[in-house]
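Laboratory data are not the source of any read-out in this text; all were calculated from the coordinates shown. If you're wondering where the values come from, they're calculated on a predicted model, not measured in any experiment. Here Cβ is always computed from backbone atoms with ideal geometry, including for glycine, and neighbour counts include all displayed protein chains.
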């Protein structure tokens, strides 16, 4: 069994070679921003010595959004390839590594990290937000995404959505039997001038944009 490895270009490129020893590799896809393009090209040349094809996928913008989008696009191209795996160790500490781990988690992909010379496979936790979100909850998320300055309160959100206040509160806060958008990590509630302002979290934004499946 050979693998297609997705990895971010960053401060720990040696982890790619450690990973190759553990997971026979047919191809590596390097995800990089402009400032790491030179390092990506150098790594590609180094991997050519091992006869491993390398594709460089250049991304732009916010590290979280760009990496989520890149993983989504790669997965769609590769289809349901069971041999697709993410190297979560190669990128810079912080956003790149966290984004890759999260992308693996929400997309149900295998992932591993590297500690010194030891490879550690992460558990596969496959789920889909789209399967557990009702139409009403999705309507709320889409509205918040398209109206970034809305809303100053739950009452304001209720009026704009033309949805009763108890129903909006239920979808946001949930109850004992059903998780609300806040508990699912898709919206956050901040107190503002004595009222509760609702806005999307980063994960909520990614989900609406279709980067999370």
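Structural remarks
- Where both bridge residues fall in segment 3-121, DSSP classifies roughly 20% of the beta bridges as antiparallel.
- Translational diffusion coefficient (Stokes-Einstein; Kirkwood radius from C-alpha pairs) of segment 3-121 at 37 °C, 0.692 mPa s, in µm²/s: 237 µm²/s
- Cα long-axis angle, helix 63-78 against the chain (0 to 90 degrees, to the nearest 10): 70 degrees
- Rounded to 5, percent antiparallel among DSSP beta bridges of the chain: 40 percent
- Label selected from (1) 1.07; (2) 0.97; (3) 1.03, the criterion being Rg/Rh (Cα atoms, Kirkwood Rh) as computed here: (1)
- Annotation: extensible slack from residue 153 through residue 190 equals 12.4 nm (criterion: 0.36 nm per residue apart, minus Cα-Cα distance).
- Take the Cα of residue 42, step 7 Å toward its Cβ, do the same at residue 179, and the gap between the two points is 4.2 nm.
- Computed [θ] at 222 nm, helices only, for the chain once each DSSP H run of length n ≥ 4 contributes -39500 (n - 2.57): -12500 deg cm²/dmol
- Extension gain from residue 145 to residue 202, taking 0.36 nm per residue of separation minus the Cα-Cα distance: 19.5 nm
- Alpha-carbon centroids, segment 44-65 and segment 124-191: separation in whole Å: 37 Å
- Volume of the Cα convex hull of segment 128-170, divided per residue and given in Å³: 70 Å³
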